Amino acid sequence: MKNGNFKFIVILVVVGSIVYAFNLNNLLFWDDTDWIINNPFVHSFSWNNVKNWFTQNILAGINQSSNYYRPFLLFTFAFNYLLGGENPIGYHLLSNTFHIANAILIFVLFSHIFKNKFVPFWVSLIWLVHPLQTEAVTYISGRGDPLNVFFMLLALNLFVRHCKLDKIGRLAMSSYFSSCFLLILALLSRETAVIFPF
């Protein structure tokens with residue numbers, strides 16, 4: 001990472017942490033009750049739970065039906081539950097981290113396009129603090145949005161790297177296949193990742 005980029009990334013982390021610090025003690029509510037609190041599928045990393053993440057819908061753990069298939073999102077909920085049970089702070093810290101990481105990835109992506117770092121910085125900063133993002137970041141069950149965007153942006157950055165490497169050699173192919181793997185993780189986080197190829 002270039003030194004010039006580092007200061008912009010530090011600013012994004014600081015601003016994102018300050019802007020979203022308000023949500024750290026927000027309680028789990030609405031869909032969080034069904035998706036996390038009452039859902040035994042996310043209360044442990046047992047083999048049965050992991051199998052259920054991939055073979056059941058997101059509400060099967062509470063004997064309900066849903067058209068949501070988000071195994072990797074359930075993995076992140078189980079990770080939070082393992083670390084802190086129903087304590088909301090860990091859930092919010094992880095969601096905030098994904099959102100801030102997305103701003104950084106937007107900055108990195110736009111830095112490939114613009115030589116002047118102020119354009120990528122302002123684009124990523126506006127995206128970071130824009131109120132449109134608030135619900136997806138502060139509402140735990142909305143984590144599927146920042147999570148799948150995280151994997152799509154990582155995949156896109158690796159794909160750009162693949163293209164810059166002239167699509168030959170081991171490093172270029174590694175970037176390409178890593179990009180494809182990240183797209184799969186995006187799809188397993190939220191269905192809207194199907195837009196990535198377009």
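The values are calculated or read from the model by the stated rules, or taken from the named source; none is laboratory data. These figures come from a predicted structure and were not determined experimentally. Methodologically, a virtual Cβ is constructed for each residue, glycine included, from the backbone with ideal geometry; neighbour enumeration extends over all protein chains shown. Only protein heavy atoms, including side chains, enter the accessible area calculation; ligands, DNA and RNA are left aside. Shrake-Rupley method; radii C 1.70, N 1.55, O 1.52, S 1.80 Å.
Can you give me the accessible area per residue for the stretch 53-154, using a 1.4 Å probe, in Å²?
Details: 4590 Å² over 102 residues.
Dividing the accessible area of the stretch 53-154 by its residue count gives 45 Å².
In whole angstrom, how long is each semi-axis of the equivalent ellipsoid of the chain, when you take the square root of 5 times every eigenvalue of its Cα gyration tensor and sort them from largest down? Each step should come with its number before you reach the end.
Numbers: eigenvalues 192, 97, 32 Å².
Three semi-axes, in Å: 31, 22, 13.
For Cα pairs less than 8 Å apart in space and 6+ apart in sequence, what is the mean separation divided by the residue count of the chain, i.e. the relative contact order in percent? Display every interim value, and only then the final one.
Working: 250 pairs, mean separation 42.9, N = 198.
Once divided by the residue count of the chain, the mean separation gives 22 percent.
Can you bin every Cα-Cα distance in the stretch 72-178 into 5 Å intervals starting at zero and give me the percent of pairs per bin, rounded to whole numbers?
2, 13, 18, 18, 16, 14, 10, 6, 2, 0
What percentages, rounded to whole numbers, describe P(r) for the stretch 66-130 computed over all alpha carbon pairs with 10 Å bin width beginning at zero?
Over the stretch 66-130, the share of Cα pairs per 10 Å bin runs 20, 32, 27, 18, 3 percent.
Which value at 222 nm does the chain reach when only helices count, each DSSP H run of 4 or more adding -39,500 (n - 2.57), with the total divided by all residues and rounded to the nearest 500 deg cm²/dmol? Numbers along the way, then the final one.
Details: 8 runs with 123 residues, N = 198.
Theoretical 222 nm ellipticity from helices: -20500 deg cm²/dmol.
How much FRET efficiency would the formula 1/(1 + (r/R0)^6) give for H112 and Q64, where r is the Cβ-Cβ distance and R0 is 45 Å, rounded to 0.05?
Details: r = 44 Å, r/R0 = 0.98.
Efficiency, rounded to the nearest 0.05: 0.55.
Given 0.36 nm per residue, what is the gain on full extension from V129 to N57 after removing their alpha carbon distance, in nm?
Values: separation 72, 0.36 × 72 = 25.92 nm, distance 3.24 nm.
The V129-N57 span can extend by a further 22.7 nm.
Report, in whole Å, the centroid distance computed from the Cα atoms of the stretch 107-156 and the stretch 23-46.
Distance between centres, Cα-based: 25 Å.
Distances longer than 14 Å among the Cα atoms of the stretch 1-74: what percent of all pairs is that?
On the way: 1862 of 2701 pairs.
Beyond 14 Å sits 69 percent of the P(r) for the stretch 1-74.
Keeping to pairs on different chains or 8 or more places apart, tell me how many lysine pairs in the chain have Cα atoms under 21 Å apart.
Working: K2/K115; K2/K117; K2/K164; K7/K115; K7/K117; K115/K164; K117/K164.
So the count works out to 7.
Could you tell me the calculated FRET efficiency between W122 and I195, based on Cβ-Cβ distance and R0 = 30 angstrom, to the nearest 0.05? Provide the component values of the computation, followed by the final result.
Working: r = 25 Å, r/R0 = 0.82.
With a Förster radius of 30 Å, E is 0.75.
Which distance in nm do the two modelled labels at L82 and S44 give, with both placed 7 Å along the Cα-to-Cβ direction?
It works out to 1.3 nm between the two label points.
Give the carbon-plus-sulfur fraction of the accessible surface of the chain in %, rounded to a whole number; probe 1.4 Å, heavy atoms of protein chains only.
Details: 7250 of 10660 Å².
Here it works out to 68 percent.
At a 10 angstrom cut-off on C-beta neighbours, averaged per residue, how do the peptides 182-193, 109-120 rank from highest to lowest? Each step should come with its number before you reach the end.
Details: 182-193: 20.5, 109-120: 13.7.
In decreasing order of mean packing, 182-193, 109-120 become 182-193, 109-120.
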